[in-house]
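Structure, as structure tokens:
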Amino acid sequence: MNKKVTYYERILKKRVEMRTGTDFEEWLEPQLHAAALCWQMLEKVHEELMNGKLVDLVQGSKDQWKNEVNPLMPTYKELQRTMIQHYEALGLNYRATPSKIKEDTKKGVDETDPMAEYYKGKTQ
């Protein structure tokens, strides 16, 4: 399961386009790449966890036996949390505000704003 980063980027890009209903915007490329790298690592850690033991019986410093959780578990949890943040930043989960996803930040001013109309009339 050694997928390249471009595989994850392609999937994420399709999902963003489906969500927004428009072509993928180039300014999101760094966010997309970071999300793809995180997703790739998340799958690698997941595979390691699934191929190994989740809990091991180990001998402690005072010769006692104790159960120890696989040390990759905190890393897996952190990657999961980070991936959720990437999804939100790309607009791919319910925490992402639909207005932020659809908002045209290039205009800078809401065209339906009455004050914008007023000032537009003053400058002409």
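Annotations for the structure displayed:
- One residue stands out among those in the range 34-47 that are aliphatic (A, V, I, L, M) and touching a His at 6+ places or on another chain (Cβ under 8 Å): the one that is surrounded by the fewest Cβ atoms within 10 Å (Cβ to Cβ), which is 34.
- Residue within the range 48-65 that is open to solvent by less than 80 Å² (accessible area, probe 1.4 Å), in a helix (DSSP H, G or I) and either among the basic types (Lys, Arg) or touching a helix residue (DSSP H, G or I) at 6+ places or on another chain (Cβ under 7 Å) (or both) present: yes
- For the range 12-33, the set of residues classified as open to solvent by less than 40 Å² (accessible area, probe 1.4 Å), part of a helix (DSSP H, G or I) and of a type outside the set (S, T, N, Q) consists of 12, 16, 28, 32, listed by residue number.
- If only residues of the range 1-11 that are at pLDDT below 95 and touching a helix residue (DSSP H, G or I) at 6+ places or on another chain (Cβ under 8 Å) are counted, the one that is most open to solvent (accessible area, probe 1.4 Å) is 1.
- Taking residues in the range 51-63 that are without any contact (Cβ under 8 Å) to a residue 24 or more places away in the chain, and partners anywhere that are open to solvent by less than 100 Å² (accessible area, probe 1.4 Å), the pairs with Cβ atoms closer than 6 Å and at least 6 places apart or on different chains are 54/70; 55/69; 56/68; 58/68; 60/66.
The values are calculated or read from the model by the stated rules, or taken from the named source; none is laboratory data. Since the model is a prediction, treat every value here as computed from it, not as a measurement. Backbone-built Cβ (ideal geometry, glycine too); neighbour counts: all protein chains shown. Please note that ligands, DNA and RNA were not included when accessible areas were found on the heavy atoms of the full protein model with its side chains. Shrake-Rupley method; radii C 1.70, N 1.55, O 1.52, S 1.80 Å.
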